[in-house]
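Engineer: Here it is, the structure in full.
Just so it is clear, none of the values below were taken in a lab; they were calculated from the coordinates. Since the structure is predicted, the reported quantities are computational estimates derived from the model, not experimental observations. Here the Cβ positions follow ideal geometry from the backbone for every residue, glycine too, while neighbour counts run over all protein chains shown.
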Amino acid sequence: MTPAQLRSFCLEFNEAVEEFPFTPEISVFKVLGKVFALSALDAVPLGVNLKCEPETAIRLRSEHPAIAPGWHMNKRHWNTVTLDGTVPDRLVREMVEDSYDLVVAGMPKATRLRLDRA
């Protein structure tokens, strides 16, 4: 997955935006003000921090050396995925979608329903 593909995929979700609250180099993808992905899109190798269910996070880390506890994040709920080609793009896309869904799941019901219909 290229930086452009990662950015494009993150922005496909309802109400998703890209912001730069930390530095101009760190893309922070949010849904209604809540972070679901962070990436230094110019970094080599490319990596992305994604929210994850704790049990799934542990399983993915054990199955893929390129998936590690979230860098500068709550290690229980976030993974850092190094996009070096060893993690299939399909799995990366699923992880991004799961991260978005986990963030949305924590929002009020009316907001969740609105995002579902958007």
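Engineer: Subtract the Cα-Cα distance of Glu25 and Glu97 from 0.36 nm times their separation in residues, and report this length gain in nm to one decimal. Could the numbers behind the result be given before it?
Structural biologist: On the way: separation 72, 0.36 × 72 = 25.92 nm, distance 2.27 nm.
Between Glu25 and Glu97, full extension yields an extra 23.6 nm.
Engineer: Could you work out the helix-only [θ] at 222 nm for the chain, with each DSSP H run of four or more residues adding -39,500 (n - 2.57) and the total divided by the number of residues, to the nearest 500 deg cm²/dmol? It would help to have the intermediate numbers written out before the result.
Structural biologist: Values: 4 runs with 45 residues, N = 118.
Value at 222 nm, helices only, nearest 500: -11500 deg cm²/dmol.
Engineer: Which number do you get for Rg(Cα) / (2.2 N^0.38 Å) in region 1-54?
Structural biologist: Details: Rg = 10.7 Å, N = 54, 2.2 N^0.38 = 10.0 Å.
Ratio of Cα Rg to 2.2 N^0.38 Å: 1.07.
Engineer: Determine ³J(HN,Hα), in whole Hz, for all residues of region 93-102 in sequence, where each value follows from phi through the Karplus function 6.51 cos²θ - 1.76 cosθ + 1.60 and θ = phi - 60°; x replaces Gly and Pro.
Structural biologist: Taking θ as phi minus 60°, the curve returns 4, 4, 5, 5, 4, 4, 4, 4, 4, 5 Hz for region 93-102.
Engineer: May I pose another question? Say R0 is 30 Å: what FRET efficiency, to the nearest 0.05, do Ala4 and Trp71 get from their beta-carbon distance? Don't jump to the answer; show the numbers that get you there.
Structural biologist: Numbers: r = 22 Å, r/R0 = 0.73.
Efficiency, rounded to the nearest 0.05: 0.85.
Engineer: Put a dot 7 Å past each Cα toward the Cβ at Thr56 and Asp42; how far apart are the dots in nm?
Structural biologist: About 3.2 nm separates the two model spin labels.
Engineer: Rounded to the nearest 5, what is the percent of antiparallel bridges among the DSSP beta bridges in the chain?
Structural biologist: Numbers: 19 of 19 bridges.
Of the beta bridges lying entirely in the chain, close to 100 percent run antiparallel.
Engineer: What Kirkwood radius, in Å to one decimal, follows from the Cα pairs of the chain? Please report the intermediate quantities before stating the final value.
Structural biologist: Working: mean 1/r = 0.0698 Å⁻¹.
So the Kirkwood estimate lands at 14.3 Å.
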